[in-house]
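What follows is calculated from the coordinates using simple rules that are stated; it is not laboratory data. Since the structure is predicted, the reported quantities are computational estimates derived from the model, not experimental observations. Here the Cβ is made from the backbone with ideal geometry for all residues, glycine too, and neighbour counts use every protein chain on show.
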Amino acid sequence: MTSLIAAVSWSLHLVLFVLGLITATSSEMIAAIVRPGIFRHVMCRNNLYPRSGVLRYPVPDELVYWSEDYGEYCPPFYTAPHINGQVWADAPLPSETFKPQWNQLDGNVNRVSYHGAYHIKDGLPRNPIGRTGISGRGLLGRWGPNHAADPIVTRWKRNDSGGMVSDSKTGKNILQMVAIQRQDNKLWAIPGGMVDPGENVSVTLKREFTEEALNFTDKGLMVEEFFKSGGVQVYSGYVDDFRNTDNAWIETMALNFHDQDGTKVGQLNLTAGDDAMNVRWTDMDGSLKLHANHADMVKEVAIRLNAHW
Ligand code: RP5
């Protein structure tokens with residue numbers, strides 16, 4: 001009987017192990033962390049707004065949520081001048097001629113948040129996570145959610161003879177991801193980009209990867225096939241991006257495209273292009289520092305593939 005219980009318990013353990021469920025509790029998963037009323041953004045607070053001389057109004061941790069009273073809160077209004085008139089941007093302000101349909105598909109512009117209906121205050125959408133210390137759109141094109149897509153392309157780290165490399169402490173195999181170094185803040189990041197109006201996210205994912213990590217090199221067909229095999233969605237929601245404001249913010253859908261045997265994208269020579277300064281295969285572990293909250297998205301992949309982190 002004891003051996004039967006032990007066998008059942010071991011089998012259950014094995015199943016859970018394979019599913020990666022004993023390596024992380026659901027409270028560590030990004031979707032459980034990045035939620036209005038639970039998550040406090042960091043990158044879009046208490047700093048100088050990028051590419052401007054505009055200082056954000058101070059927002060201490062305990063006053064991020066709109067539900068907290070902050071009587072003296074007086075954020076400067078800033079929309080970067082070059083945004084106005086761009087085809088990818090909204091009009092400067094809602095008016096008789098520009099009446100955005102908040103919280104819905106507005107023509108081919110997606111104004112729906114992954115976090116449910118956002119509030120409209122004084123005619124403008126309100127950041128679902130909370131105060132950022134700046135109003136207006138800053139560098140972002142859309143009022144409300146600005147939709148992005150992030151392809152997390154992974155392979156197993158291998159030695160010269162092709163064997164998988166594991167970490168000496170955790171004993172788990174090490175994953176590598178394609179990371180680009182961004183021009184704007186010099187940080188390493190997932191090679192993501194903004195979804196064009198009416199564009200299917202799958203198209204954005206492939207386009208951004210091809211532009212930023214391959215600089216349009218001639219591996220088109222293979223990359224096409226690799227992305228067609230379908231990625232695994234790891235996250236959809238708010239991005240703690242340094243460009244967010246009280247009225248405009250980035251949300252993303254992140255998908256993992258994993259090259260299990262390393263014979264496809266895992267073989268490619270990477271070449272930085274578009275707005276990427278550098279590109280490389282990067283080992284994934286807990287010390288990885290990435291732009292915005294990309295590290296949390298990447299961690300999710302490590303958990304799901306039961307890799308070292
Ligand atoms: C991020 O900015 C998103 O997660 C995505 O990776 C990226 C999109 O903005 P651009 O790279 O197009 O500036 O926060």
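With a ≥ b ≥ c taken as the square roots of the eigenvalues of the C-alpha gyration tensor of the range 171-220, please select rounded if a/c is under 1.5 and otherwise prolate if a/b is larger than b/c or oblate if it is not? List each step's numbers first, then the result.
Values: a/c = 1.69, a/b = 1.47, b/c = 1.15.
In terms of gyration-tensor shape, prolate.
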Compute the distance in nm between two label points, each set 7 Å from the Cα along the Cα-to-Cβ direction, one at residue 72 and one at residue 114.
3.7 nm
For the chain, what is the calculated [θ] at 222 nm in deg cm²/dmol (nearest 500), taking -39500 (n - 2.57) for each run of four or more DSSP H residues and dividing by its residue count?
-5500 deg cm²/dmol
What ³J(HN,Hα) values, in whole Hz, does the Karplus curve 6.51 cos²θ - 1.76 cosθ + 1.60 give for the range 69-84 when θ = phi - 60°, with x put for Gly and Pro?
6, 9, x, 7, 4, 9, x, x, 8, 8, 10, 4, x, 6, 5, 5
Of 169/228; 121/206; 157/289; 186/228, which pairs sit farther than 28 Å apart, going by alpha carbon to alpha carbon?
169/228; 121/206; 186/228
Test of understanding: in a Gaussian network model of the chain with alpha carbons linked when under 10 Å, which of 139, 255, 187 would top the mean-square fluctuation ranking?
187
Alpha-carbon Rg/Rh ratio, for the chain, with Rh computed the Kirkwood way:
1.01
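Order of 253, 194, 222, 177 from fewest to most other C-beta atoms within 10 Å? If you can, show how the numbers build up before the last one.
Details: 253 22, 194 18, 222 14, 177 25.
Ranked by crowding around the Cβ, least crowded first: 222, 194, 253, 177.
Give me 129, 120, 83 sorted ascending by neighbouring Cβ count inside 10 Å, so fewest comes first. Mind dumping the intermediate values first?
Details: 129 24, 120 16, 83 19.
Placing the least packed residue first, the sequence is 120, 83, 129.
Can you give the % of DSSP beta bridges in the chain that are antiparallel, to the nearest 5? Working shown, then result.
Details: 27 of 41 bridges.
DSSP beta bridges in the chain are roughly 65 percent antiparallel.
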Rank the residues 294, 308 as a footprinting-exposure proxy: fewest other Cβ atoms within 10 Å of their Cβ go first.
308, 294
Can you tell which of 149, 272, 32 shows the greatest fluctuation in a Gaussian network model of the chain with Cα springs below 10 Å?
32
